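Since the structure comes first, as structure tokens, the remarks are kept for the end.
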Amino acid sequence: GEDVEQSLFLSVREGDSSVINCTYTDSSSTYLYWYKQEPGAGLQLLTYIFSNMDMKQDQRLTVLLNKKDKHLSLRIADTQTGDSAIYFCAERKSSASKIIFGSGTRLSIRP
Amino acid sequence: ETGVTQTPRHLVMGMTNKKSLKCEQHLGHNAMYWYKQSAKKPLELMFVYNFKEQTENNSVPSRFSPECPNSSHLFLHLHTLQPEDSALYLCASSQESSGAYNEQFFGPGTRLTVL
């Protein structure tokens with residue numbers, strides 16, 4: 001089946017690292033994505049990882065993929081107030097046009 | 001600015017009205033999408049167009065009618081909607097609708113309220 005699950009909320013202190021977790025059910029997924037949605041805006045693609053990779057790093061963002069457990073995480077180093085947003089995990093098969101999104105994790109930053 | 005624009009940004013309509021949402025992409029993409037984002041629910045894919053042809057309709061009620069006159073423009077025509085259709089409607093585009101080049105770029109959305 002197709003299902004992507006995330007926790008709804010995460011609160012971190014400014015300057016700390018944020019880790020947003022996601023689990024998915026479709027082991028044939030080829031692409032796994034992280035999108036960010038700020039208030040009043042559409043979704044912005046942050047990063048993606050192919051299913052044949054274990055890790056991808058892009059500046060403050062680190063994506064880890066555990067294919068065995070079907071677990072994806074997004075780590076944001078040195079979290080800033082501008083990182084406050086909803087983060088969506090998503091998956092897609094190579095042959096498909098449909099992206100399956102999770103419900104999103106709302107990240108809030110406390111001083 | 002993602003290169004995908006949507007108008008209007010906000011829309012309030014009665015159940016007997018007819019209105020249209022517009023999406024335009026300036027990225028040279030060939031695929032365009034409509035999504036519905038309701039509170040506390042995952043994004044729902046509604047329609048997919050690839051090279052102006054509709055390739056997916058995810059069991060969307062007929063009161064939503066998409067139109068794609070060219071690869072840069074996508075419309076969603078609305079008529080006799082229900083209050084439960086109130087949501088954020090997001091448009092997206094990608095270079096292709098499948099394969100390696102399906103990174104989808106989203107517009108800011110139209111916040112629709114049906115009274």
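The values are calculated or read from the model by the stated rules, or taken from the named source; none is laboratory data. Treat the numbers as computed from the prediction; the structure is a model and nothing was measured. Heads up, the Cβs are rebuilt from the backbone with ideal geometry, glycines too, and the neighbour counts pull from every protein chain shown. Only protein heavy atoms, including side chains, enter the accessible area calculation; ligands, DNA and RNA are left aside. Shrake-Rupley method; radii C 1.70, N 1.55, O 1.52, S 1.80 Å.
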Query - Residues satisfying the stated conditions in segment B:53-73, i.e. part of a loop (DSSP other than H, G, I, E, B), open to solvent by less than 50 Å² (accessible area, probe 1.4 Å) and touching a Ser or Thr at 6+ places or on another chain (Cβ under 9 Å) - result: B:71, B:72
**Report entry** Qualifying residue in segment A:32-50 (condition: out of contact with any helix residue (DSSP H, G or I) (no Cβ under 8 Å at 6 or more places or on another chain), acidic (Asp, Glu) and open to solvent by less than 70 Å² (accessible area, probe 1.4 Å))
**Finding:** no
Query raised in the report: more than 13 Å from every other protein chain (Cβ to nearest Cβ), at negative phi, of a type in the set (Gly, Ala, Ser) and touching a strand residue (DSSP E or B) at 6+ places or on another chain (Cβ under 8 Å), is that true of residue A:103?
Result: no
Query raised in the report: In the list B:12, B:60, which residue meets the criterion of being free of Cβ contacts under 8 Å to residues at least 40 places away in the same chain, among the aliphatic types (A, V, I, L, M) and away from every other protein chain (no Cβ under 12 Å)?
Result: B:60
Query raised in the report: For segment B:1-48, list the strands (runs of 3 or more DSSP E) that sit wholly inside it and hold at least 1 residues that are open to solvent by 50 Å² or more (accessible area, probe 1.4 Å); which are they?
Result: B:4-7, B:10-13, B:18-25
Report task. Report, by residue number, each residue of segment A:50-94 that is free of Cβ contacts under 8 Å to residues at least 40 places away in the same chain and within 12 Å of chain B (Cβ to nearest Cβ). Result -> A:50
